[in-house]
Amino acid sequence: MSHIHIQDGVLSIWLIIIGYLLIGLYLIFLFFNKKKFIANKKIALVGVISALMLITMTVEIIPPAYHMNMAVLSGIVLGPVLSILAIFVANIILAFLGHGGISVIALNTIVVSIEAILGFWGFKLLNSKVKNIFISVFLATFLALFASAWISAGVVYLGTNGVESPFHNHEHAIETVHEHSSVEHHNANSVSNHNAIDFNLGRFLFAILSLGIFGWVIEAVITAFMLKYIKQVKPDIIEYDISPGIE
C-alpha cells in the first residue's frame, strides 16, 4: 500500500487545505445521498472493513517490511463511494495512533481511496474479460498499488516544495531522498545554485522495483484469496455479478 508518513507541519498548507476540502465535499455528497448509498448492511460492512484496514495497516510483514491496507478489497466489497468512508475512518484512527499527522488525514484518505477506486473499476473490467475471479483481483490489486505509489510520491513532491520528506511507501524503503551536494570538485557557484533539498526520483524508482513489488504481490495474492472466499461463502455481500471462472 501507499501511505504518507508525515507529521504535522511538513506539507504545504495549500495542499492540506485542498485535501480537506475534497473530503468535505465527499461528506456533503454522502449526506445528501445517504438513502441511495447507505443501508443497515452496508454500514455494518463499513465498520468491518475499517477495522480490517486498521489492523493490516499497523501489522508489518517482514520481509519485505510491508504494510497492507486492503483498499482494493474495500473498493470491491463496498463500492467506490462507501469505500472512501471506510478509508477515512481508518485513517482518522491511525493518525491518533501516531501513524502520520492529523494534517495529512485527508490526503492519506484521498491516496488510499484512489487505490480502492482503481481496484474496483480495474477488477470489473478484468473480470468481464478474464472470467476468473482470482486472476482479476490479483491484477487489479497489483496495478492499483503501483498507481497509488506514484500518486503518493506526487503528493509529497508537491507538498514539500524543498522541505525534507519522511514519506515512505509502507515498505519503509520508498522515500523521498534529499541530499546536500558535497562533492569536492564542484565549485562554489554550482553548490550555491544547486537546490540542497531535492526529490530523488532514481532512488524512488529503485525502491519501488526492488522492494515494493514484493509487497504488492503479497497483498494482491491475499486480496484475491479473500475475495474468492467471500464470493463462495457469502456471495450476497458483493452486489454485482462476478464471473467465478475456474474453481
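Laboratory data are not the source of any read-out in this text; all were calculated from the coordinates shown. None of the values given here were measured: they were computed from a predicted structure. All Cβ positions, glycine included, derive from the backbone under ideal geometry; neighbour counts span all protein chains shown.
Computed quantities for the displayed model
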| read-out | value |
| --- | --- |
| Likely footprinting exposure, 115, 60, fewest C-beta neighbours within 10 Å first | 60, 115 |
| Calculated FRET efficiency for the pair residue 213/residue 32, C-beta based, R₀ 41 Å, to 0.05 | 0.50 |
| Stretch gain in nm, segment residue 41-residue 236, where the contour uses 0.36 nm per residue and the Cα spacing is subtracted | 69.1 nm |
| Projected label distance in nm at residue 128 and residue 146, using a 7 Å step from Cα toward the beta-carbon | 2.2 |
